[in-house]
Amino acid sequence: MSKKLFVEIVSPEREIWAGEGDMVIAKTVEGEIGVQPGHIPVLSLLAHDAVVRVLGARETGEVRAAAHSGFVSVSGEGRISILAETAELAEDIDVDRARTALKNATESGDTVALGRARSRLRAAGEDVA
């Protein structure tokens with residue numbers, strides 16, 4: 001059994017990130033799931049306002065991404081696929097634009113847009129209620 005997981009975060013348009021990590025934490029419709037090497041196979045629905053964290057990845061030790069709707073697939077071979085409708089790495093998030101989207105979604109009452117704006121800000125490290 002490998003001591004690392006192979007993780008890929010993909011959207012219909014492109015691969016957002018792929019690499020190795022020690023643990024993946026993702027928000028599903030049933031709550032947060034944490035996956036380490038040796039985890040049993042799982043297929044779960046990704047929440048529409050999810051933040052995905054890959055711990056032990058990169059030289060910084062963590063990859064964070066806002067991911068919206070889709071699936072989390074865990075294979076028995078240590079491979080995790082985050083298949084999201086849309087996804088964005090934390091370092092690619094325009095925080096000002098996400099704050100504007102949060103304000104607009106709050107004013108309009110659009111709960112899906114509100115969740116996406118919140119997850120983008122959380123992924124970028126911002127405090128959001």
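A single member of 96, 127 is outside any helix (DSSP H, G or I), more than 30 Å from residue 3 (Cα to Cα) and free of Cβ contacts under 8 Å to residues at least 24 places away in the same chain, and it is 127. Can residue 90 be described as without any contact (Cβ under 8 Å) to a residue 40 or more places away in the chain, open to solvent by less than 40 Å² (accessible area, probe 1.4 Å), over 16 Å from the mean Cα position of the chain (by Cα) and farther than 15 Å from residue 8 by Cβ? No; evaluated as a whole, the condition is false for this residue.
If you go through region 93-129 one residue at a time, how many are among the acidic types (Asp, Glu) and surrounded by fewer than 14 Cβ atoms within 10 Å (Cβ to Cβ)?
First, pick out the residues of region 93-129 that are among the acidic types (Asp, Glu): 94, 96, 107, 110, 126-127.
Filter once more, so that each one left must be surrounded by fewer than 14 Cβ atoms within 10 Å (Cβ to Cβ): 94, 96, 107, 127.
Number satisfying all stated conditions: 4.
Which one of 26, 57, 67 is out of contact with any Pro (no Cβ under 6 Å at 6 or more places or on another chain) and more than 26 Å from residue 113 (Cβ to Cβ)? Give the steps one after another, and end with the answer.
On the way: 26 fails: more than 26 Å from residue 113 (Cβ to Cβ); 67 fails: more than 26 Å from residue 113 (Cβ to Cβ).
Being out of contact with any Pro (no Cβ under 6 Å at 6 or more places or on another chain) and more than 26 Å from residue 113 (Cβ to Cβ) holds for just one of 26, 57, 67, which is 57.
Every residue, every condition in (1) hydrophobic (A, V, I, L, M, F, W, C); (2) touching a strand residue (DSSP E or B) at 6+ places or on another chain (Cβ under 6 Å), yes or no:
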residue	(1), (2)
76	no, no
80	yes, yes
88	no, yes
110	no, no
114	yes, no
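Could you list, in sequence order, the residues of region 52-81 that are over 12 Å from the mean Cα position of the chain (by Cα) and open to solvent by 70 Å² or more (accessible area, probe 1.4 Å)? Selection gives 58, 59, 60, 77, 79.
Got a sec? Which of 84, 98 is within 11 Å of the chain's Cα centre (by Cα) and either closer than 26 Å to residue 30 by Cα or not acidic (Asp, Glu) (or both)? Outline the logic, then answer.
Values: 98 fails: within 11 Å of the chain's Cα centre (by Cα).
Going through 84, 98 in turn, the sole match is 84.
Residues in region 1-23 that are hydroxyl-bearing (Ser, Thr, Tyr) and closer than 23 Å to residue 117 by Cβ: 11 alone.
The values are calculated or read from the model by the stated rules, or taken from the named source; none is laboratory data. Being a predicted model, the structure only gives us computed values, none of them experimental. When we count neighbours, we look across all protein chains shown, and the Cβ atoms used for this are built from the backbone with ideal geometry, even at glycine. For the accessible areas, the whole protein counts, side chains as well, though only heavy atoms, and no ligand, DNA or RNA atoms are used. Shrake-Rupley method; radii C 1.70, N 1.55, O 1.52, S 1.80 Å.
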